[in-house]
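To start, the structure itself, in structure tokens.
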Amino acid sequence: LRCRAAPLPRACRGWQASMKTGSLSYIIPCNRLPVQLMSQVRVYTSNGQKKDLGSEDRSGSAPEETLHKVGTGQDASSASQKTPFLKEPIQVKVKAVLKKREYGPKYTQNNFITGVRAINEFCLKSSDLDQLRKIKRRSPHDDTETFTVYLRSDVEAKSLEVWGSPEALARERKRRKEAEIKYRENLFRNQRLLREYKEFFGNTKPRSSAAAMFFKGPGKVVMVAICINGLNFFFKLLAWVYTGSASMFSEAIHSLADTCNQALLALGISQSARTPDPSHPYGFTNMRYIASLISGVGIFMMGAGLSWYHGIIGLLHPHPIESLLWAYCILAGSLVSEGATLLVAINEIRRSARAKGLSFYQYVVQSRDPSTNVVLLEDAAAVLSVAVAATCMGLTSLTGNPYYDSVGSLGVGTLLGTVSAFLIYTNTEALLGRSIQPEQLQRLTELLESDAVVRAIHDVKATDMGMSKVRFKAEVDFDGRVVTRSYLEKQDIEQLLQEIQQVKTLEELEAFMLKHGENIIDTLGAEVDRLEKDLKQRNPDVRHVDLEIL
């Protein structure tokens with residue numbers, strides 16, 4: 001960078017002159033002369049090309065620029081006396097920037113795909129993949145640490161080599177798609193063959209039967225309730241036919257509704273044990289809540305509705321009641337049986353609540369086990385309704401007034417309506433995806449924040465998926481220094497230093513940074529996996545963890 005200036009007679013102090021470099025102006029200190037410098041800056045990029053700044057407004061620029069005189073008329077008179085200005089070099093630091101690579105809107109050359117995707121999507125055989133490069137990557141599954149993947153570009157090239165052209169590959173994909181559609185059309189036949197195969201295979205291998213879940217826990221409670229309520233319905237129906245009592249009719253309808261609803265609960269329990277599939281990746285645990293919700297609606301429509309209807313008919317058209325002796329005997333037996341089922345449900349809920357560290361009331365209100373809750377509330381309502389029916393029937397037998405019996409039917413219907421409303425509310429809340437308790441959420445948050453790699457967490461969400469299964473999600477701000485140090489602790493520092501010292505060109509620097517940058521990203525992914533594993537181990541209720549990196 002050269003410049004030439006003409007001395008001016010007037011002296012100055014401080015920041016008095018400006019130098020223009022292209023479109024930039026620099027204020028330079030001067031203690032002798034006010035000068036204005038015009039210069040040209042040449043910037044050399046990393047690819048060896050040079051760019052001229054400050055010459056946009058001129059068709060050409062000379063390496064030397066003449067200084068324009070600044071001052072009054074006296075300054076102009078001394079223009080003839082020009083003395084050469086000392087040529088002092090000015091150092092300019094130029095920032096070398098790596099050339100930006102354009103990847104376009106779609107870039108899949110560095111994508112990894114699994115062997116299953118390579119076989120299904122590119123119509124290859126497992127023997128075709130043996131000739132491709134195999135890359136070991138961290139596994140996203142908890143049961144394995146690493147798994148093998150392939151470069152998508154290698155798989156695409158191999159598929160073209162096998163099939164000859166993209167058109168032939170597209171035809172093969174279309175043919176397989178048609179075969180898959182045909183298979184789905186014959187799904188019923190295939191399922192029947194699969195069941196036959198399982199039955200044959202079960203003769204030589206022990207098979208896990210779904211019936212085992214009905215011998216313990218909520219399944220046991222539901223099966224006991226089905227048996228008892230079925231017997232109660234039969235005997236109450238006989239008593240109603242013999243006596244014609246409206247209260248006894250309501251009790252018979254109540255027992256029938258309980259039997260049907262608990263059979264629905266048994267179906268929900270069996271369906272909830274199904275293993276997850278691609279269409280339902282989080283499983284079928286909500287089937288218990290769906291069955292309980294339908295049960296609540298059934299109680300309201302079938303139990304409460306018919307009881308109200310029969311009670312209103314009794315008030316509008318009263319008729320005398322026959323001997324109530326057999327009705328009292330059946331009600332007494334029903335009270336004993338319903339009370340026994342109620343005790344079984346209470347003991348099961350106490351045991352489950354104690355295991356979860358909750359009180360009996362909290363366990364019921366939060367609907368932790370919907371099937372047991374339905375049995376508990378139905379049997380509690382049954383015991384109370386037996387008491388109401390016996391009281392109203394006793395008043396009718398003492399006074400001879402059939403209105404008391406009809407009022408008892410209305411009372412039983414009101415009790416069933418209250419139970420059904422509570423079941424509908426609690427199961428709807430569970431199906432909507434409610435948050436976990438604040439204390440449990442605070443424990444999960446503190447566990448994450450206490451880790452060294454975490455700076456802060458934001459947007460924390462923890463949803464109760466039902467049946468003691470929690471899904472946790474949070475955005476995590478990781479400490480890059482700690483993550484990098486974790487990577488460096490696993491490296492040979494001396495060898496790393498030698499690699500740094502051997503870097504001489506921009507290409508070598510780029511290769512060095514890309515290599516270790518990818519390894520640091522892998523280390524960050526391993527830290528995410530470690531945090532998710534710790535959350536699941538320390539909190540067994542947490543089944544699904546989604547940590548997003550800020």
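The values are calculated or read from the model by the stated rules, or taken from the named source; none is laboratory data. This one's a predicted model, so the numbers in the text were calculated from it and none came from an experiment. Positions of Cβ are backbone-derived with ideal geometry, glycine not excepted, and every protein chain shown enters the neighbour counts. Surface accessibility is based on the protein's heavy atoms, side chains included, excluding ligands, DNA and RNA. Shrake-Rupley method; radii C 1.70, N 1.55, O 1.52, S 1.80 Å.
Couple of notes before you dig in:
- Å² of accessible area per residue within the range 329-481, as computed with a 1.4 Å probe and no ligands counted: 45
- Integer Hz, Karplus 6.51/-1.76/1.60 couplings in order for the range 461-471, x for Gly and Pro: 9, 9, 10, 7, 8, x, 6, 6, 10, 10, 10
- Among the protein heavy atoms, those of LEU237 account for about 60 Å² of accessible surface (1.4 Å probe, every chain in place).
- Percent of C-alpha pairs per 5 Å bin, the range 438-549, short to long: 2, 10, 19, 19, 13, 10, 9, 7, 5, 4, 2, 1, 0
- Of LYS100/LYS158; LYS125/LYS174; LYS220/LYS356; LYS134/LYS515, those spanning more than 23 Å from alpha-carbon to alpha-carbon: LYS100/LYS158
- For the range 539-549, Karplus couplings with θ = phi - 60° (6.51, -1.76, 1.60), whole Hz, Gly/Pro x: 9, x, 5, 7, 9, 10, 10, 10, 9, 9, 8
- Reach of LYS136 by Cα under 16 Å, taken over aspartates and glutamates that are not fewer than 8 positions away in the same chain: GLU145, ASP154, GLU518, ASP522
- About its Cα centre, the range 407-550 has a charge dipole of approximately 820 debye under the convention of +1 per Lys or Arg Cβ and -1 per Asp or Glu Cβ, with nothing else charged.
- Distances between every pair of Cα atoms in the range 352-443, grouped in 5 Å steps from 0 to the bin holding the largest one, split as 2, 12, 17, 16, 14, 10, 9, 7, 6, 3, 2, 1, 0 percent.
- Remark on the range 105-201: hydrodynamic radius 15.9 angstrom, per the Kirkwood mean of 1/r across alpha carbon pairs.
- Within the range 438-549, antiparallel bridges make up roughly 55 percent of the DSSP beta bridges whose residues both belong there.
- Derived scalar couplings ³J(HN,Hα) [the range 272-281; Karplus, 6.51 cos²θ - 1.76 cosθ + 1.60; whole Hz; x for Gly, Pro]: 5, 7, 5, 6, x, 10, x, 7, 9, x
- Mean sequence separation of contacting Cα pairs (under 8 Å, at least six apart), scaled by the length of the range 207-432, corresponds to a relative contact order of 30 percent.
- Intensity falloff of the range 207-432 expressed as log10 I(q)/I(0), Debye formula with alpha-carbon point scatterers, at q = 0.11 Å⁻¹: -0.55
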